[in-house]
Amino acid sequence: MGAVGVALDAGIQYVTGPFDNIHFGITLKNIGPTMTMSGDGLSFKAYFYPNSSLQWTVIQRADQFELPTQLSIAAAYDWHFAEEQRITFAGNFISNSFTKDQYVLGAEYSWREWFLVRCGYVFESGLFKGILDDNCMNLNKGLHAGASVQVPISKSEDAPVLAVDYAFRNTYSYKGTHSIGVRLIF
């Protein structure tokens, strides 16, 4: 079975403040037409009646479905409190089309933009009741954390930066999600 479709993601970010330290952003994801599954997985052979050798092919009809559209509205403030050090405070509202809305609060500490540590908390209504509760709709919950090391490849001012990122996202099951990434920033 398979489905073919197209979706549009769009967003905008606005940066302002005396030191470009106030950030606002909005994104809209998965905007697209209704889709339908098709393929050989929708048909199977069945016997006409029990203990019979007569078979027929049954073809199931697939219902249409929509992509999970998501609207995200965020704001952040960078506080530069010492030379080459900053703390960023951020908040995010996420409106999901098929699950509950989420509220995210987070903070990031940066030293020389070389070493960064971040943490966040995801909240939704009914969060503390557990995965078996009918009110639980999203897999990710609670405290999240991460760190990055970003080092210039050479001493040149325009040198590319090599970054290694680690992130942990707490989940209702499977004891969380760990992610490791490597980036090259030009």
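The values are calculated or read from the model by the stated rules, or taken from the named source; none is laboratory data. Values in this document were obtained by computation on a predicted structure and should not be read as measured data. All Cβ positions, glycine included, derive from the backbone under ideal geometry; neighbour counts span all protein chains shown. Keep in mind that these areas ignore ligands, DNA and RNA; they rest on the heavy atoms of the full protein, side chains included. Shrake-Rupley method; radii C 1.70, N 1.55, O 1.52, S 1.80 Å.
Here the strands (runs of 3 or more DSSP E) wholly within the stretch 53-103 that include at least 3 residues being free of Cβ contacts under 8 Å to residues at least 40 places away in the same chain are 55-59, 85-96.
Can Ser110 be described as over 21 Å from Thr27 (Cα atoms), at pLDDT 90 or above and not in a loop (DSSP other than H, G, I, E, B)? Considered against the rule, which asks whether it is over 21 Å from Thr27 (Cα atoms), at pLDDT 90 or above and not in a loop (DSSP other than H, G, I, E, B), Ser110 comes out as yes. Hey, can you tell me all the residues within the stretch 41-63 that are within 26 Å of Ala3 (Cα to Cα), open to solvent by 100 Å² or more (accessible area, probe 1.4 Å) and out of contact with any Ser or Thr (no Cβ under 6 Å at 6 or more places or on another chain)? Those that are within 26 Å of Ala3 (Cα to Cα), open to solvent by 100 Å² or more (accessible area, probe 1.4 Å) and out of contact with any Ser or Thr (no Cβ under 6 Å at 6 or more places or on another chain): Trp56, Arg61, Asp63. On the stretch given as the stretch 113-151, residues that are modelled with pLDDT of 75 or more, of a type in the set (A, V, I, L, M) and not in a strand (DSSP E or B) total 1. Remark: pairs (first residue in the stretch 114-125, closer than 14 Å to Ala145 by Cβ; second residue of a type in the set (Ser, Thr, Tyr) and surrounded by fewer than 18 Cβ atoms within 10 Å (Cβ to Cβ); Cβ separation under 6 Å; 6+ apart in sequence or on different chains) = Val117/Tyr109.
When you check Gly17 against the structure, is it within 25 Å of Leu139 (Cβ to Cβ) and either small (Gly, Ala, Ser) or touching a His at 6+ places or on another chain (Cβ under 9 Å) (or both), yes or no? Talk me through it step by step, then tell me what you get.
Details: within 25 Å of Leu139 (Cβ to Cβ): no; either small (Gly, Ala, Ser) or touching a His at 6+ places or on another chain (Cβ under 9 Å) (or both): yes.
Considered against the rule, which asks whether it is within 25 Å of Leu139 (Cβ to Cβ) and either small (Gly, Ala, Ser) or touching a His at 6+ places or on another chain (Cβ under 9 Å) (or both), Gly17 comes out as no.
Could you grab me the full set of residues in the stretch 70-101 that are open to solvent by 40 Å² or more (accessible area, probe 1.4 Å), over 24 Å from Gly17 (Cα atoms), modelled with pLDDT under 95 and in contact with a strand residue (DSSP E or B) (Cβ under 8 Å, 6 or more places away or on another chain)? Matches in the stretch 70-101: Ser97, Asp101. The single condition among (1) farther than 29 Å from Ala147 by Cα; (2) in contact with a Phe, Trp or Tyr (Cβ under 9 Å, 6 or more places away or on another chain); (3) assigned to a strand (DSSP E or B) that Phe44 does not meet is (2). Scanning the stretch 102-128 for residues that are more than 24 Å from Pro18 (Cα to Cα) and polar (S, T, N, Q) yields a total of 2. Any residue that is open to solvent by 70 Å² or more (accessible area, probe 1.4 Å) and in a strand (DSSP E or B) - is there at least one of those in the stretch 153-161? For the stretch 153-161, residues open to solvent by 70 Å² or more (accessible area, probe 1.4 Å) and in a strand (DSSP E or B): absent. Residues that are within 20 Å of Gln70 (Cα to Cα), surrounded by 15 or more Cβ atoms within 10 Å (Cβ to Cβ) and among the aliphatic types (A, V, I, L, M) within the stretch 102-124 comprise Val104, Val122, listed in sequence order.
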